[in-house]
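Heads up: the structure comes next, in structure tokens.
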Amino acid sequence: MIRISASLILVFCALFTVNSQAEMNYPEITIEPFPIMTWVPPALTAEQLGWYDDAGFNVMFIYPEEEAYQKMKKHWDGNWMVFKEWNTKGYNYKTMSDFHADDPKRIGFMLGDEPTTPEIEKYVEQYEYLRRRHPQDICIVNMFPSYVSETRLGSTFRQYVETYYEKLNPRYSSLDHYPCFRFNVDSPSFYHDLEIQRELSLKNNCKQFGFVQVYSSYKDRNVSGSDLAWQINSFLAYGCKGLWYFYFRHPVCGINELAQKEALSHKTEGLAINYNNGGMREEYYEPVFKFGSGVLDSNDQKGPRYDDAAAINKETLCWGKVLLELENIKVRHIRGFGESFVPVGTDEFAGNVGRFGAAEEYIAGVDARNNVLSMGYIVSYFEDKDNRPYVMIVNKRHGEYMSRDGGSLKTVVSFTDDVKNVYAVSNTTGREEQVSLNNSNACVEELGGGGAVLYRVETK
């Protein structure tokens, strides 16, 4: 009897030790302020770092090189991460590990991009090594989107994402699904991927970066102001705790400089197709690596989306403190005009009439005054640490050449009868402002293309 008790004690101690080590190796980490970063960083000059800061970006990537660090610190006081993409000097995770580890602004390591399912295994050692030495820093490996073939991934997409979380146990995850295709077509699986990432992030106590497309190529359109706002507010509605742009500096300038060679060129041409004002199909050749709509352009100057990025980033940062504290509970989609179904992989909003067996909480309905223009809405539910409910509503109207003003919709938001007070969190001040409800317990919002509103609600 004594032996059995001793054995049980040893087993208990072993389990407790394993759990303690897991907690030590994988602490919960929240990057503050709300992180906004970019894959191709600005040049390490006062001018470009000033533009970067003014546009609302607050996380910088640099190589583990002393010269780069000194240049950055001269002009930059934000958070930064060590990365090794495009390097020609053979940097590895051990090179990166202790590079200015005493700098409190260093928040982690960008280790790799788009591994296949079997290749995820090679990052396990890197994650364990870096977290053991720097438990408060994050490690990032960026995932493929679902439109990559299973043959290339080496598994189904869901198995791929599950393997990523199980093997790496990341504190932050990232997935680069570019949704804005040419001819005003959007990727049909964009929300499918966001939903899988959201679900598995919640399950694995992981935060998410939303990966923002702000470029064009032979298959991707010039991203408009409404496209940009739609992407970012969709990410926020899905509970993302940071944004990661591709790109800030133009790739032909930035990547060539980082790679110290001509990795990309304007000289390569590919077939492009467009439709003229008369609706006739036009075929012509243009540079494949044009990357036309960017934050900076190919002349290393402010590009056509600079002001749009600065505006939406400012709005995001005004919400940032609140968003970092909220836990996403569920996401619902409302169909747009003429749509038979909500996006694949998502749940449809039921309203307050009990469709699908259950009514929604807090929100009875969301309707565009001009329904013919509606491309649908997202209704997303959150709770703060005190279990107070929040709701975000996103106008999904966006498109090629459509500005945020051009996509604006007057939107009637109806609340359920048990809601007594509604407060909108301002995206210009970050403060709460009480919403005046009419006799139908509703209000009217003017939501720009891709725009959103964030409410805190109180019930009777």
Checklist entry - Scanning the stretch 124-149 for residues that are within 26 Å of Glu195 (Cα to Cα) and not in a loop (DSSP other than H, G, I, E, B), which turns out most open to solvent (accessible area, probe 1.4 Å)? => result Val124
Next on the checklist: Scan the stretch 222-233 and tell me whether some residue there is surrounded by fewer than 24 Cβ atoms within 10 Å (Cβ to Cβ), outside any strand (DSSP E or B) and modelled with pLDDT of 85 or more.
Outcome noted: yes
Next on the checklist: Name the residue that is nearest to the chain's Cα centre (by Cα), counting only residues in the stretch 234-266 that are part of a helix (DSSP H, G or I) and among the hydrophobic types (A, V, I, L, M, F, W, C).
Outcome noted: Phe235
Checklist entry - Do we find that Leu437 is open to solvent by less than 10 Å² (accessible area, probe 1.4 Å) and in the same structural domain as Tyr362 (by the TED database) in this structure? => result no
Next on the checklist: Just to be sure before I move on: is Glu121 farther than 23 Å from Tyr245 by Cα, in a helix (DSSP H, G or I) and touching a residue at least 24 places away in the same chain (Cβ under 8 Å) in the structure I sent?
Outcome noted: yes
Item to check | Pair list, Cβ under 8 Å, 6 or more apart: the stretch 317-336 residue among the acidic types (Asp, Glu), other residue open to solvent by 40 Å² or more (accessible area, probe 1.4 Å) and outside any helix (DSSP H, G or I) | outcome: Glu325/Lys385; Glu327/Glu383
Item to check | Odd one out for Leu409 among (1) touching a helix residue (DSSP H, G or I) at 6+ places or on another chain (Cβ under 9 Å); (2) touching a residue at least 60 places away in the same chain (Cβ under 8 Å); (3) open to solvent by less than 20 Å² (accessible area, probe 1.4 Å) | outcome: (2)
Checklist entry - So is Ile329 modelled with pLDDT of 95 or more, open to solvent by 60 Å² or more (accessible area, probe 1.4 Å) and part of a strand (DSSP E or B) or not? => result yes
Next on the checklist: Taking the criterion of being assigned to a loop (DSSP other than H, G, I, E, B), without any contact (Cβ under 8 Å) to a residue 60 or more places away in the chain, in contact with a Ser or Thr (Cβ under 8 Å, 6 or more places away or on another chain) and among the β-branched types (Val, Ile, Thr), would at least one residue in the stretch 107-118 satisfy it?
Outcome noted: yes
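The values are calculated or read from the model by the stated rules, or taken from the named source; none is laboratory data. From a predicted model like this one, the values you see are computed outputs, not experimental measurements. Backbone-built Cβ (ideal geometry, glycine too); neighbour counts: all protein chains shown. The area values use the complete protein model at the heavy-atom level, side chains included, leaving out ligands, DNA and RNA. Shrake-Rupley method; radii C 1.70, N 1.55, O 1.52, S 1.80 Å.
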